[in-house]
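The values are calculated or read from the model by the stated rules, or taken from the named source; none is laboratory data. None of these values were measured; they are calculated from a predicted model. Methodologically, a virtual Cβ is constructed for each residue, glycine included, from the backbone with ideal geometry; neighbour enumeration extends over all protein chains shown.
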Amino acid sequence: MRLFAKKQSKKGKNMNIFVADVDSVIYDGTGKKTELLKHVPLVLESGVSLCVQMEDIDFVLFPVKTYIGRVAVGLRKSDMPLDVVLAAVEKVVLQFKKYPKYVKELASKLTAWTGKRIVGVSSTPEEHRLFVRKMLSPVALEIINIGQDDLYVFPPTDLPAVKYGKLAVSEACENSCECVRQALVVERYAVGSGLLRYGDFFEYDVHISVERGDISTVRARLCSSSVEEFADKLKIGVEAAYKEQLRVEKKYLLMFDMGIDCYLFSRGVSEMRTDG
């Protein structure tokens with residue numbers, strides 16, 4: 001089944017549907033994601049629909065081809081018209097965050113993850129690295145060596161000042177991939193040393209430059225309120241626009257639906273214009 005609805009139904013909001021790919025749950029409005037997730041591999045591998053009964057309620061799971069690949073869609077049997085379901089799935093997919101492989105790999109290393117957490121990336125001169133570990137270990141839930149840097153997991157609490165090097169930290173959130181991404185964004189773009197927070201980016205000097213070939217794309221997306229509007233500005237299809245957005249987001253590790261990230265994109269465009 002090919003998903004390519006031209007218009008999105010307003011009824012797509014708060015739909016009682018379940019959407020998942022082979023790696024993760026994309027959206028769940030059924031409250032049955034744990035049970036439905038068990039059947040996703042079979043549906044995606046076989047390419048056929050599957051009926052599942054839970055608490056005397058019949059659910060149907062079926063594969064749908066979307067902009068991000070094939071997904072499994074679940075809902076109560078005969079719960080809503082197919083065209084409404086497909087419009088809702090399209091909306092969910094367009095809003096889904098796709099994280100680079102290395103971000104997901106780092107997040108998979110984190111075991112101390114329950115509820116909201118903060119991720120920190122510490123880049124410290126080797127001679128001070130052990131000292132920083134000892135200083136942060138009383139408040140850290142987990143410390144992982146990731147090569148030249150250390151990856152930390154903290155509870156959502158105040159963190160001590162860092163005397164040596166740079167500790168780039170995320171905001172507190174439940175999504176481990178998002179926390180890792182935010183910490184890496186601070187590490188990559190924030191200029192300075194000590195404790196630097198994603199939420200305080202407006203207070204820091206930043207170093208970011210959008211490549212000349214990406215400027216028109218970034219400008220168009222910053223000036224668009226949706227992927228559909230972005231597609232209109234570029235005069236291309238929605239699917240092509242969505243893939244272009246993903247390409248740019250992956251390249252710069254920034255998301256167009258995050259206010260701070262849009263600020264960084266705009267700074268990057270300005271820096272390129274100044275340098276050019």
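Brief remarks follow.
- Hits in the range 203-218 (condition: in a helix (DSSP H, G or I) and under 21 Å from the mean Cα position of the chain (by Cα)): D214, T217, V218
- The listed residues are E45, E35, E90, and the only one of them that is assigned to a helix (DSSP H, G or I), under 29 Å from E228 (Cα atoms) and of a type in the set (D, E) turns out to be E90.
- Answer from F230, F202, F256 - the residue that is closer than 21 Å to I118 by Cβ and either not aliphatic (A, V, I, L, M) or not assigned by TED's automatic domain parsing to the domain that holds S108 (or both): F202
- Residues that are within 20 Å of the chain's Cα centre (by Cα) and aliphatic (A, V, I, L, M) were ranked within the range 219-234; the one that is surrounded by the most Cβ atoms within 10 Å (Cβ to Cβ) is V227.
- V93 vs. criteria touching a Ser or Thr at 6+ places or on another chain (Cβ under 9 Å) and either over 23 Å from G199 (Cα atoms) or in the same structural domain as K243 (by TED's automatic domain parsing) (or both): yes
- Of the residues L130, L94, the single one that is of a type outside the set (G, A, S) and surrounded by fewer than 17 Cβ atoms within 10 Å (Cβ to Cβ) is L130.
- Among residues of the range 119-168, those that are aliphatic (A, V, I, L, M) and touching a residue at least 40 places away in the same chain (Cβ under 8 Å), counted: 9
- Subset of the range 242-267 [in contact with a helix residue (DSSP H, G or I) (Cβ under 8 Å, 6 or more places away or on another chain), assigned to a helix (DSSP H, G or I) and either at pLDDT below 95 or at positive phi (or both)]: Y242
- Cβ pairs under 8 Å, 6+ apart, first in the range 36-49 and in the same structural domain as A72 (by TED's automatic domain parsing), second of a type in the set (F, W, Y): L36/F18; L36/F59; V43/F62; V48/F62; S49/F62
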